[in-house]
Amino acid sequence: MVVLGIETSCDETAAALLRDGREVVSSVVASQADMHRAYGGVVPEIAFRKHLELVNPVLDETLRKGGLDWPDVNGVAVSNGPGLVGALLVGVASAKVVAGLLEVPLIGVNHLEAHVYANFLQHDDITFPLVCLLVSGGHTIILHMPSHGMYQHLGETRDDAAGEAFDKVARLLGLGYPGGPVVDRLARDGDPHAIAFPRAWMGEDSLEFSFSGLKTAVRNFRKKSPDARVEDVCASFQDAVVDVLVGKTMRAAARMGVRTVLMAGGVACNGRLRERMQEDCERRGLALRYPRPGLCTDNALMVACAGHHQLMAGQRSGLELDCFPVLPVKSAS
Ligand code: KG4
Ligand code: ZN
């Protein structure tokens, strides 16, 4: 079965073709980051207009690169939330047209669930039950997955998401957008112990996160010490984020008694997070899996992969499929 995935929830217009849930036929990601950079973050109105302009060329390019034609597509999967509603609408409308004209099944995919499923694209040795740390620009969530399509929410952020904290700190350091990759790079030449930034543990058993206090601490430090090395600020900030992300994921793994840990979302590209999570998992005998960088950040292969699993389980969406700015990850019913 060849599934066409479509992703337009934020500032990437993406499409992909996936055969039998694992074999990558083609994937195209048109990033709008350059358009939004001047504003220091994603501007919803610009995102919507760019998606409109890019979606058809991206779909054509995906088919061309894969050497397939429209009748070869057996199902269509599209992110229908969470995300910017105008942006999501473009992908959902396109998916409905393709599925309707080809008379193939349509499935609306939760964008967060798609991030988790990027792992199943790359790894064929993932065993359940597991916990997944989902860290993106908009979300920081720990999920427990007893099996495919089943989710239990263990904790999430009460304010900023981890990626948002990276982006905001990069902005106040004048490093541009998106901030995660540049902070990650600069931190490699910095001392993570140079500045003692706070860690929000939120209590001994808590699996909730909070990053807004840390962002304020960086802002205050910057005002007080404008000449401090930016590499040291990046490394110290990054370690404060990573400590909490790793610590709470280990807490969740111990509480649920799982042997497998997954990471997903854009922040899962972070070098220091990967290194520290690997060390802690090894120490506890846990198997850690995460996707390669191109599958961590927004792409349509992950949408096609999650959609493939849902279509195989017999799930379908109707042509009335809607989009949602907020869409919690829920177990398949
Ligand atoms: O998953 P994603 O592509 O989009 C959302 O669904 O939000 O994540 C984007 C986020 C941005 O906040 C970006 O700064 C962050 O992921 N990010 C990183 C790294 N690469 C991307 N954060 C830390 N370190 C990185 N290497
Ligand atoms: Zn995303």
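Values as computed for the structure displayed
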item: Distance (nanometres) between label positions extended 7 Å along Cα→Cβ at S212 and M1; result: 4.2
item: Fluctuation leader among A304, A16, A235 - the chain, Gaussian network, Cα springs under 10 angstrom; result: A235
item: Spin-label model distance (nm) - W201 vs S331, 7 Å beyond Cα toward Cβ; result: 3.2
item: Rounded FRET efficiency, nearest 0.05, which uses the C-beta distance separating M256 from A313 and R0 of 22 Å; result: 0.45
item: Whether region 185-252 is rounded, prolate or oblate, judged on the alpha carbon gyration tensor where a/c under 1.5 counts as rounded; result: oblate
item: Residue among E282, E53, E320 with the largest mean-square fluctuation in a Gaussian network model of the chain, springs linking Cα atoms under 10 Å; result: E320
item: Residue-span extension gain [D34 to M150] - 0.36 nm each, minus C-alpha spacing; result: 38.1 nm
item: At R0 = 25 Å, FRET efficiency that the Cβ-Cβ distance of E53 and L101 yields, to 0.05; result: 0.75
item: Highest-fluctuation residue, P71, P293, P129 considered, GNM on the chain with Cα pairs under 10 Å; result: P71
item: Trypsin sites (Lys or Arg not before Pro) lying in DSSP loop within region 284-327, provided at most 15 other Cβ fall within 10 Å; result: R284, R316
item: All Cα pairs of region 52-130, percent lying beyond 15 Å; result: 66
item: Distance cut-off 21 Å, percentage of C-alpha pairs in region 126-292 lying past it; result: 43
item: Surface share of carbon and sulfur [accessible, 1.4 angstrom probe, percent] for region 126-292; result: 48
item: Percentage relative contact order, region 7-156, counting C-alpha pairs under 8 Å, at least six apart; result: 19
item: Surface per residue (accessible, 1.4 Å probe) for region 126-292, Å²; result: 41
item: For peptides 31-40, 266-275, 106-115, sequence by mean Cβ density within 10 Å, most packed first; result: 106-115, 266-275, 31-40
item: For the chain, calculated [θ]222 nm from helices alone, where every DSSP H run of n ≥ 4 adds -39500 (n - 2.57); result: -14000 deg cm²/dmol
item: Loop-located GluC sites (Glu not before Pro) in region 152-210 whose Cβ has at most 13 other Cβ within 10 Å (DSSP); result: E204
item: FRET efficiency, 1/(1 + (r/R0)^6) with R0 22 Å, evaluated for D189 and D243 via beta carbons; result: 0.65
item: Solvent-accessible heavy-atom area per residue, rounded to whole Å², over region 5-45 at 1.4 Å; result: 40
item: Degrees separating the helix 301-312 axis from the principal Cα axis of the chain, which is the longest one; result: 50
item: Under Karplus coefficients 6.51, -1.76 and 1.60, residue-wise ³J(HN,Hα) of region 324-330 in Hz, glycine/proline x; result: 9, x, 10, 8, x, 6, 10
item: Cα→Cβ-extended label distance, 7 Å offset, between N74 and D20, nm; result: 1.0
item: Label point 7 Å beyond Cα of F324 along Cβ direction - residues of region 102-135 with amide nitrogen under 17 Å; result: 107-116
item: Relative contact order (%) - criterion: Cα under 8 Å, at least six apart; region: region 131-204; result: 20
item: Rel. contact order, % - alpha carbon contacts under 8 angstrom, at least six apart, the chain; result: 25
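The values are calculated or read from the model by the stated rules, or taken from the named source; none is laboratory data. Owing to the predicted nature of the structure, the values given are computational and were not obtained by experimental measurement. Backbone-built Cβ (ideal geometry, glycine too); neighbour counts: all protein chains shown. The area values use the complete protein model at the heavy-atom level, side chains included, leaving out ligands, DNA and RNA. Shrake-Rupley method; radii C 1.70, N 1.55, O 1.52, S 1.80 Å.
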